[in-house]
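Heads up, the thing below is written out as structure tokens.
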């Protein structure tokens, strides 16, 4: 089984799903929308069950008919893997997977090929 890095959900996928959840709920629930604008960090923490670190900032901007906001992601260091991607790779993506990328091939042997007995 070949697994490409693009097959692993990355930060962009997770972020898009999280944003879609928050925006969708804010469209349907005016009280949620007000709370999200008033306390975005608290709402994100509660909605996703995460404790965001002190100093981590969450901002909500509300577009108007006369405005457009573009969000540029933080620039990653060249050849740097995200924590999420590292966790997915380190945790094993499947038995006997081989992952190909521009940087080369990463192999994860299964028990039989690694000579491990149960």
### Task
Select, from 92, 104, the only residue that is more than 17 Å from the chain's Cα centre (by Cα), surrounded by 10 or more Cβ atoms within 10 Å (Cβ to Cβ) and either modelled with pLDDT under 65 or under 19 Å from residue 12 (Cβ atoms) (or both).
92
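For the structure I just gave you, tell me whether residue 32 is in contact with a helix residue (DSSP H, G or I) (Cβ under 8 Å, 6 or more places away or on another chain), modelled with pLDDT of 55 or more and surrounded by 11 or more Cβ atoms within 10 Å (Cβ to Cβ).
Yes: the conditions hold for residue 32.
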### Message
I'm told residue 87 meets every condition in (1) at pLDDT below 95; (2) over 18 Å from residue 15 (Cβ atoms); (3) assigned to a helix (DSSP H, G or I) except one. Can you identify the failing condition by its number?
### Response
(2)
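The values are calculated or read from the model by the stated rules, or taken from the named source; none is laboratory data. Just so we're clear, the structure is a prediction, and the values are computed from it rather than from any experiment. Please note: Cβ atoms are built from the backbone with ideal geometry, for glycine as well, and neighbour counts cover all protein chains shown.
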